[in-house]
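In what follows, a structure is listed as structure tokens, so that the remarks can point back to it.
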Amino acid sequence: MAIKIRPFKIKSSGVRLCGYSLVPKDADGKLPAVIVSHGFGSNMLISYSYARVFVDMGYAAFCYDFPNSGSSIFSGGSGTRMSVIDNKEDLKNVLEYVRSLDFVDTDRIILAGCSQGGMVTALTAPEVEDRIERIVLYYPALCIPDDARAGNVIGTKIDPDNIPDTFRAIVFKVGKKYPLDSMTLDPYREICGFKKPVFIVHGKEDKIVNIDYSRRAAELYPDCRLVEVHGDHGFILRGGRASKKATRKYLSEI
């Protein structure tokens with residue numbers, strides 16, 4: 001399918017937030033839309049493959065870089081200011097931008113997210129439930145608060161009682177705000193107030209976010225479908241094809 005790609009820019013968290021839209025080239029009238037939020041150490045280019053599945057099903061898709069993510073391509077800010085809580089406000093700002101577009105059907109907006117972006121999506125959804133149709137989560141990192149309290153930040157060991165001002169997680173420099181804010185979260189209490197449909201795809205061989213986190217969420221959400229596929233975290237080595245197939249099937253049924 002031929003598509004049109006257009007950049008957009010708004011302000012969020014006091015800095016520049018950049019992204020792009022993907023729209024079917026021959027689309028006419030108002031379109032359903034999806035906003036795809038990336039994970040830790042990722043960016044809007046990695047979100048493309050997830051967004052493209054929706055575009056092929058007739059959606060307008062929006063990918064963006066979280067400000068202050070440390071891995072952004074065009075958005076502003078510093079990774080030492082990154083916070084999952086602040087990411088919620090960023091997603092809300094993108095949602096309001098998307099809702100302002102004349103080609104978007106504001107009654108049919110999906111929030112989707114991968115890994116940390118999946119947790120941000122899940123945390124945000126109850127607060128914007130009246131403005132979205134449903135959410136789609138790929139290997140959502142609902143483990144982040146537990147990991148932070150245990151002194152594990154994306155594989156980096158820290159003392160949760162004596163967190164350094166800055167440290168490296170993978171290759172990215174983050175600040176103490178990231179684990180401190182994460183420790184305050186109780187994701188299952190916060191996310192399960194969302195009553196609209198939820199769709200989750202998670203890899204059984206995920207070594208970073210154990211699939212049991214998604215299984216628990218699926219049990220607690222009032223309306224949730226969990227698809228378990230063979231795949232690693234991020235579907236880097238395996239799981240991508242199965243994830244896309246499951247997503248297409250799900251979208252065809254709604």
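No value in this document is a laboratory result; all are computed from the given coordinates. Predicted model, so just to flag it, every value in this text is computed and none were measured. Because the Cβ atoms are built from the backbone with ideal geometry, glycine has one as well, and the counts that use them run over all protein chains shown.
The table that follows gives values for the structure above.
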| read-out | value |
| --- | --- |
| Nearest-0.05 FRET efficiency for THR184 and ARG241, computed from C-beta distance (R0 51 Å) | 0.85 |
| Label-point separation, THR166 to ARG225 (7 Å along Cα→Cβ), nm | 4.6 nm |
| Where labels lie 7 Å past Cα in the beta-carbon direction, separation of ARG215 and LYS173 in nm | 4.1 nm |
| Average projection area in nm² (convex hull over Cα atoms of the chain, one quarter of hull surface) | 12.3 nm² |
| Under 19 Å from LYS157, Cα to Cα: lysines that are on another chain or at least 8 residues apart | LYS173, LYS176, LYS177, LYS207 |
| Counted charge near LYS204, where neighbours are those whose Cβ lies closer than 14 Å (Asp, Glu -1; Lys, Arg +1) | -2 |
| Lysines with Cα under 25 Å of LYS249, excluding same-chain neighbours fewer than 8 positions away | LYS4, LYS25, LYS30, LYS195, LYS196, LYS204 |
| Gyration tensor verdict on the stretch 182-254 (Cα atoms; rounded if a/c is under 1.5, prolate if a/b is larger than b/c, oblate otherwise) | oblate |
| Mean separation of Cα contacts under 8 Å (6+ apart) over length of the chain, as relative contact order % | 16 percent |
| PHE8 long-range amide H proximity, modeled H, under 5 Å | GLY19, TYR20, SER21 |
| Solution diffusion estimate, µm²/s, Stokes-Einstein, the stretch 1-112, Kirkwood Rh from C-alpha pairs, 37 °C, viscosity 0.692 mPa s | 236 µm²/s |
| Protection-proxy order for peptides 128-139, 99-110, 225-236, each taking the mean of Cβ atoms within 10 Å per residue, highest first | 128-139, 225-236, 99-110 |
| In nm, spacing of pseudo-spin labels at LYS195 and PHE74 (7 Å Cα→C-beta vector) | 3.9 nm |
